[in-house]
Amino acid sequence: MSLKAALREHRAGRLREAVAIYETLLRDAPHDADLMQLLGTALAQLGRYADAVLLLAGSLEVQPDRPTVHVNLAQALRAVGREQEALECCDRAIALDGTLAGAYRMRAAALTALGRREEALASYGEAVRRAPADAAAHADLGVALEASGRSRDALQCFARAVALDPNLVAAHHNLGILAARLGDHARALQSFDRTLALQPQDAALHNNRGNALKELGRLAEALQSYTVALGIEPGHRDTLHNRAVVHLLLGQHAEALRDYDALLVRGDHAPDLIGRGIALIGLGRCEEALVPLERAIALAPGDCMAHAQRGVTLQRLGRLAEALASFDIALAIEPALPEVLNNRGVALFDLDRPEEAVTSFERALALRGAPADTYTNMGMALRALGRYREALESFARTLARKPDDSKATFASAFVRLALGDFKQGWPLYEVRLRDPELGTAPRTFVAPRWERPEELAGKRLLVYADQGLGDVIQFCRYLPSLAERGARVIFEVMPSLKALLRSLDGVQLMSRGEPVPPVDYYCPLLSLPLALDTDEGTIPHAVPYLAAEPARVAKWKARLAELPGLRVGMAWQGNPTVERLVLARGRSMPLEALAALAGVPGVSLVSLQKGPGADQLAGCAFGDRVIDLGPDFDRGPDAFLDTAAVMASLDLVISTDTAIAHLAGALARPTWVALSAVPEWRWLLAREDSPWYPTMRLFRQPARGDWRTVASALAAALNAAVVESRSGRR
């Protein structure tokens, strides 16, 4: 065998064959420095570094003045952890040939391993100076610069390296990682894509590419990259966690839950437990969400996110005081968390502490990154405090950031209408029709929407009830006037109200759910004021526009005829579902708050309360003074038929802001309405009468929650009414 054959095998990469020939040749010439050097190099390439060290060192003993062999020995010494000796070899190589760039690179690597970073940086710089076209040298210098905190300089080195050698995988990858760290995610993505073109089966690259895409907001693509990475390296913790996070960001809570469950099989980690809790919250499984979140807190009590998400969960469960405590713990750990401050403000608002809520929202807004709805939430709290103009400004700030925000637009409509600004309020109120969360399911019809009064003559117009019972009773007043304009009006209404509304003049009634007949136009009921350009002076206020059934009136008159004194109907609680809506809170009062009415002589109190709230009669201290009309009162599928008939036999109706108040007003019965300090928009502000109902008188809380003063005012007015009625009889 010949040296020529060995070199041929070596160059072809057939290292084992080359080694066998070198060893045979070396047995015949044991002191041949070149053979020892060649065999040592081949052994190092095979990973047999200890053997390589012996041979390379032996070669240098024979011929010590060969700098490249010193460099090769240094490399082998580094591979077996003998960094100081490797450094000495590099120094000898440089002493022999100061132009040898590879010696400086190897020296720098040894210095880095020895913790002598500044000296290493200088050596990397020398390597680049000696070999400016060596891409690997630039890449190594970039790594050293990055380790020294000189990220911008490192980025330039990596860019130079890939410019010199577009196929240098490590330089592309390092460029991408550093660009991402510096916030240039577009450049990072470009580098990762180039690297993957060279090395497509690298799971870490696909994971890093996913991270860049996530930061660029390209979440679906990020998800795909993570999935590819997991196909190459299944179950990789970081990649699985990253994919779960993106599932959460995309609202794919079930998919996120699966990923977190796969992670948690291997052991509990606080970030994964928190993620699992968030996924369960998104799926509406809040009781279950508490379990991983509380486990995360036990593992990492200083993790503010765990406390914050526990607060969100408790908030959704209605455990507001506990939620507030969790938010406070999170903020004690990290005070500058605008989203947590926002959630804390919402909890305070729901606890009826709007002043404190405003303070929390202000703290959130003083920080960068506050959610846009923080302004909306603060506006809600300001409205609850009666600070209407400030509330409008807050809603406007939301809309400046999110012009299509339905919640802020709807809240603005409420405030505008409450201020009597119908011109701006009615158009804003239309937003209810495009957002189901506002309580109105969108409807579609073949016919166009009616918006121009002059188009009505001879046309079939479908009006549909788009909100609650009280709204239907209040706004059905518009329908007879539409009929007077020549329209054939078809009113689609909830079945329970169809019988009550039979007295509407010129209106054809149909129940919701029945097939819609062919029509020329349609219009939601509460959009009629907008279509008719209603302002305070043009509200249709002629009453009555509804009537009770004569037979029922006769029946109830006979039953109530023996009641002494003034006969006063009472209702104190509205629909609890509506009460839960932020803009409708505080409409009801506890029956006990009306105790002063029971003390007025010459009055017979009659309960008009049905459903929720009626149970308060049994436990009320003056319950025996209130006449309960019994289980047959308004029993059956039709709503308010008996109530309307009873009202015909009453001298007065006293109600909170409920459908009962609207019915009494529509029947033109004398009606007193007890209102919260910040009532719904329809009652306007600071007035005792209503442009909607001429027979109505309004009693307002002087301060939030002060029903006692309202009850006292009602009792005083009732006393005066009793005196007046007696005087009239005399």
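Values in this text are rule-based calculations from the coordinates and carry no lab data. Computed from a predicted model, the values in this text were never measured in an experiment. So basically every Cβ, Gly included, is an ideal-geometry build from the backbone, and we count neighbours across all protein chains shown.
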- Long-range amide H partners of residue 654, meaning residues 5 or more apart or on another chain whose placed amide H is closer than 5 Å, are 569, 570, 571, 672
- Task: Measure of size requested: the Rg and Dmax of the chain, with Cα atoms as the atom set and Å as the unit; please supply both.
- Result: 40.8, 145
- Task: Just order 521-529, 446-454, 113-121, 543-551 by mean Cβ neighbour count inside 10 Å, highest at the front, would you?
- Result: 521-529, 543-551, 113-121, 446-454
- Query: How about residue 214: which aspartates and glutamates have a C-alpha closer than 15 Å to its C-alpha, ignoring those fewer than 8 places off in the same chain?
  - Reply: 184, 193, 238
- Query: Kirkwood Rh over Cα pairs of segment 453-538 into Stokes-Einstein at 20 °C, 1.002 mPa s: D in µm²/s?
  - Reply: 165
- Message: I need the Debye-formula profile for segment 336-438: one equal scatterer per C-alpha, no solvent, reported as log10 I(q)/I(0) at q = 0.19 1/Å, two decimals.
- Response: -0.89
- Item | Packing-based order for 328-334, 211-217, using average beta carbon neighbours within 10 Å, highest first | 211-217, 328-334
- Message: Using each residue's phi in segment 444-460, evaluate 6.51 cos²θ - 1.76 cosθ + 1.60 at θ = phi - 60° and report the 3J(HN,Hα) Karplus result to the nearest Hz, with x for Gly and Pro.
- Response: 10, 9, 5, 6, x, 6, 7, 9, 10, x, 5, 8, 7, 4, x, 9, 8
- Sequence neighbours fewer than 8 away in the same chain don't count; with that in mind, list the lysines whose C-alpha is under 27 Å from residue 407. 423
